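Step one of this worksheet: look at the structure below.
The values are calculated or read from the model by the stated rules, or taken from the named source; none is laboratory data. Note that this is a predicted model, so its numbers are computed, not measured. No Cβ is skipped: glycine too gets one built from the backbone with ideal geometry, and neighbour counts run over all protein chains shown. These area figures cover heavy atoms from the full protein model, side chains too; ligands, DNA and RNA do not enter into them. Shrake-Rupley method; radii C 1.70, N 1.55, O 1.52, S 1.80 Å.
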Amino acid sequence: MRVAVIGAGVIGLSSALCIHERFHGLVPSLELEIYADRFTPHTTSDGAAGLWQPYLSDHGNLQETLWNKETFDYLLGHLHSPAAEEMGLFLISGYNLFTEPVPDPSWKNIVLGFRNLTPKELELFPGYSYGWFNTALMLEGRSYLPWLTNRLTQRGVKFFHKKVESFQELFSQGVDVVLNCSGMRSGDLQPDPELQPGRGQIIKVLAPWVKHFIITHNLKSGIYNSPYVIPGSKFTVLGGIYQHGNWSEENSAKDHKSIWDSCCQLLPALQKAKIVEEWSGLRPARPSVRLERESVRLGNLQAEVIHNYGHGGFGITSHWGCAMAAARLFGSILQEKKQLATPPGPRL
Amino acid sequence: MASPKVAVVGAGVIGLSTALCITETCPSCSVTVLSDQFSPNTTSDVAAGMLIPHTYPDTPIHRQKQWFKETFTYLFAISNSAEASEAGIHLVSGWQVFKSTPKEELPFWSDIVLGFRPMSKAELQKFPQHRFGHAFTTLKCDCPPYLLWLEKRLKATGTQMYTRKVADLWELHSEYDIVVNCTGMGAHQLVGDKQLFPVRGQVLKVHAPWVKQFIRDGDGLTYIYPGIHRVTLGGTREEGSWSLSPDAGTTTDIFDRCCSLEPSLQGAQDIEVKVGLRPSRHCVRVQSEVLSQGGVKLPVVHNYGHGAGGFSVHRGTANEAAHLVGECISALQGSSSRAKL
């Protein structure tokens with residue numbers, strides 16, 4: 001049973017790991033391969049700050065809220081494990097700021113210690129009159145992806161540095177199931193007009209005195225189009241750009257100025273911070289995550305694709321819940337192919 | 001008295017902040033700081049600098065609260081300015097956890113720190129040995145940066161600073177009109193204060209930049225305080241111990257206790273061990289006194305004995321000491337004008 005995963009960002013690697021963990025013991029013939037043209041530190045996941053936080057509203061997409069919760073709980077469970085540092089996993093508290101009262105988010109009971117900001121706290125942020133404080137998690141891509149890669153390599157999963165041009169290409173080589181975790185470039189494999197870039201740009205600075213994340217919201221401009229500051233273990237990420245439909249991965253001087261000025265206004269102490277790096281990336285945005293099976297007929301063979309892409313700006317936030325869902329879909333494929341007597345369970 | 005000459009003895013957080021307050025309240029004063037140690041070799045440099053007050057048994061609570069409030073307000077403004085990183089002042093959130101529910105519901109300072117509330121059940125799950133806790137956000141003064149920033153502010157006002165060991169306050173009477181005694185533990189010898197006693201603290205300063213939150217055991221013995229570059233792990237409270245030498249067994253014990261609160265500290269690097277003697281007293285001595293010897297008078301303002309709470313109340317006590325200096329100057333000016341008559 002040959003399974004090929006396309007994409008080596010957080011979605012591809014975690015889906016691969018989840019599937020291998022659950023099925024390698026049950027399916028002795030399982031061979032897992034990962035194909036990607038970009039590996040860490042050059043994936044979209046590497047550019048993300050790594051803060052676990054969903055969007056403000058799930059737009060009724062309860063499935064995504066559940067995946068987010070499963071991811072948070074999974075990571076929280078790993079917090080005290082010796083692997084946490086290597087994974088780039090740690091707790092972090094911080095602020096979400098608004099210019100007007102807003103309803104509580106779907107994730108208020110998932111994070112720890114969620115509460116509204118007090119008037120004294122709001123004094124820190126002139127221009128903002130309402131906000132939240134909570135403790136969440138950081139999962140830094142630059143550590144997590146190498147950690148996932150090591151776990152996969154230890155398990156004998158093979159990596160191929162290659163741009164896959166079509167699902168067909170893999171099926172004709174004898175692959176039985178393809179996991180499409182190709183993020184932004186899924187459209188190259190199968191057109192999907194719903195998948196659009198949500199371009200972001202960030203400035204990485206040295207500001208180790210910043211111990212909280214600060215995310216501002218401008219309900220008119222939309223998510224991540226308002227300044228945010230996210231301290232990592234080495235660098236602090238400054239951002240606040242979300243440009244729908246912009247495919248450019250080049251840094252823009254105009255966006256740089258907008259990020260720098262707005263973040264320094266938010267946190268005057270940043271004026272003294274040293275700029276270390278600048279990066280642009282494309283959030284693979286979609287009205288909802290595409291996480292589903294697709295059967296593809298090839299002559300008299302039936303090939304299976306499991307799609308797992310379109311996580312926008314919440315890939316890290318939802319990755320493990322999605323990986324488990326992808327693994328469940330894989331389990332049902334195995335059952336149909338009679339590779340498994342019954343699906344392992346009750347809960348994957 | 002055109003330009004009263006004030007000597008501040010001591011260059012830890014108390015000496016430097018008191019000197020600065022004096023320059024602010026009495027711009028005509030000429031202030032000189034004298035100390036045998038300056039940053040990074042003061043007791044203040046060993047401390048983490050967390051704004052979590054110590055309760056002095058014999059100082060009225062309202063006075064301690066006032067000191068803390070003034071200090072917090074002062075530092076809060078700096079933390080929110082462009083000078084924050086240079087001054088070493090930053091906000092930090094975290095938890096104080098208790099193995100058994102504390103007697104007092106709310107500490108006196110709960111409405112001064114930010115967002116103070118009891119921890120939720122979910123938050124307490126991170127601390128299986130603890131049953132109760134408080135979550136809040138407070139400020140931290142990193143040293144040396146904060147002391148160096150105070151020194152810089154002082155130099156800008158024209159304040160001179162000299163390395164000098166003062167063995168007797170009377171040494172200063174011919175050069176200075178008023179002496180301010182901010183000698184911390186040194187006051188035991190310098191003014192013979194037997195109510196002052198050391199409480200030895202050993203700490204580890206480690207590299208663990210993923211630790212963004214403080215954790216403190218309500219017993220005050222085990223704590224994890226993340227600073228700008230290093231995390232301070234503590235600690236000990238050894239009353240009556242004068243030893244400034246690090247103890248290896250204590251180092252292991254501190255490390256183990258902190259790792260049980262925060263397991264990821266196992267990965268901490270670059271462990272540095274430091275020892276400081278908290279200059280402890282049942283009440284902080286902020287008081288003026290006129291020393292007298294052979295017909296000569298020497299006004300002295302004392303500001304020492306802050307023990308475990310120096311950073312938390314430093315600005316408040318510095319303000320009070322500066323006010324006392326102002327009173328001494330008025331008294332001196334009063335008597336000199338009487339002398340003229």
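Laid out as a table, the results:
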{"read-out": "Inter-label distance, nm, simple model (7 Å from Cα along the C-beta direction), residue A:295/residue B:283", "value": "8.7"}
{"read-out": "Net length gained if the chain between residue A:337 and residue A:165 were fully extended (0.36 nm per residue, minus Cα distance)", "value": "59.3 nm"}
{"read-out": "Full-stretch length increase - residue B:207, residue B:129 - with 0.36 nm per residue and alpha-carbon distance subtracted", "value": "25.5 nm"}
{"read-out": "Estimated FRET transfer efficiency (residue B:99, residue A:62; beta-carbon r; R0 45 Å; 0.05)", "value": "0.70"}
{"read-out": "Aspartates and glutamates whose Cα lies under 19 Å from that of residue B:65, excluding same-chain neighbours fewer than 8 positions away", "value": "B:104, B:105, B:111, B:320"}
{"read-out": "Residues in region B:70-90 that, when all protein chains are in place, have 20 Å² or more less accessible area than the chain alone would give (probe 1.4 Å)", "value": "B:76, B:80, B:82, B:85, B:90"}
{"read-out": "Student exercise, the protein assembly as shown dipole from Lys, Arg, Asp, Glu Cβ charges, in Debye to nearest 20", "value": "380"}
{"read-out": "Å² of accessible area per residue within region A:26-126, as computed with a 1.4 Å probe and no ligands counted", "value": "42"}
{"read-out": "Protection-proxy order for peptides A:27-34, A:99-106, each taking the mean of Cβ atoms within 10 Å per residue, highest first", "value": "A:27-34, A:99-106"}
{"read-out": "Solvent-accessible area buried by A and B, counting both chains, probe 1.4 angstrom, square angstrom", "value": "2900"}
{"read-out": "Ranked order, B:50, B:161 - accessible area, probe 1.4 Å, largest first", "value": "B:161, B:50"}
{"read-out": "Of A:163/A:204; A:120/B:121; A:204/A:272; A:108/A:220, pairs whose Cα-Cα distance is over 18 Å", "value": "A:163/A:204; A:120/B:121; A:108/A:220"}
{"read-out": "Sequence ranges A:193-199, B:210-216, A:176-182, ranked by mean other-Cβ count within 10 angstrom, highest first", "value": "A:176-182, B:210-216, A:193-199"}
{"read-out": "Drop in accessible area of at least 20 Å² in the complex versus isolated chain, residues of region B:97-144, 1.4 Å probe", "value": "B:114, B:115, B:117, B:122, B:123, B:126, B:137"}
{"read-out": "Heavy-atom accessible area, 1.4 Å probe, ligands and nucleic acids excluded: residues of region A:101-150 down by at least 20 Å² from chain alone", "value": "A:112, A:113, A:115, A:120, A:121, A:123, A:124, A:133, A:135"}
{"read-out": "Area of residue B:175 that stays accessible when all protein chains are in place (1.4 Å probe, Å², to 10)", "value": "80"}
{"read-out": "In Å², nearest 10: area of residue A:75 left accessible to a 1.4 Å probe", "value": "0"}
{"read-out": "Rounded FRET efficiency, nearest 0.05, which uses the C-beta distance separating residue B:163 from residue B:244 and R0 of 22 Å", "value": "0.70"}
{"read-out": "Per residue, in Å², the accessible surface of region B:1-132 once ligands and nucleic acids are set aside, probe 1.4 Å", "value": "40"}
{"read-out": "Residue B:290-residue A:275 FRET efficiency (beta carbon distance; Förster radius 51 Å; 0.05 resolution)", "value": "0.35"}
{"read-out": "Chain B, relative contact order in percent, only Cα pairs under 8 angstrom and at least six apart counted", "value": "26"}
{"read-out": "Residues of type lysines that residue A:338 reaches as a straight line, Cα spacing below 26 Å, ignoring anything fewer than 8 places off in the same chain", "value": "A:158"}
{"read-out": "Whichever lysines have a C-alpha closer than 18 Å to that of residue A:337, once near sequence neighbours (fewer than 8 apart) are set aside", "value": "none"}
{"read-out": "Percent accessible area from carbon and sulfur atoms, region B:243-294, protein chains only, probe 1.4 Å", "value": "47"}
{"read-out": "Cβ-based charge dipole, region B:5-339, positive-most Cα from B:14, B:246, B:52", "value": "B:52"}
{"read-out": "DSSP H segments from chain A that extend 15 Å or more along their own axis, Cα-based, with Kyte-Doolittle mean of 1.0 or above", "value": "A:10-23"}
{"read-out": "Under the span-like rule (Cα at least 24 Å along the axis, Kyte-Doolittle mean at least -0.5), DSSP H helices of chain B", "value": "B:61-79, B:310-340"}
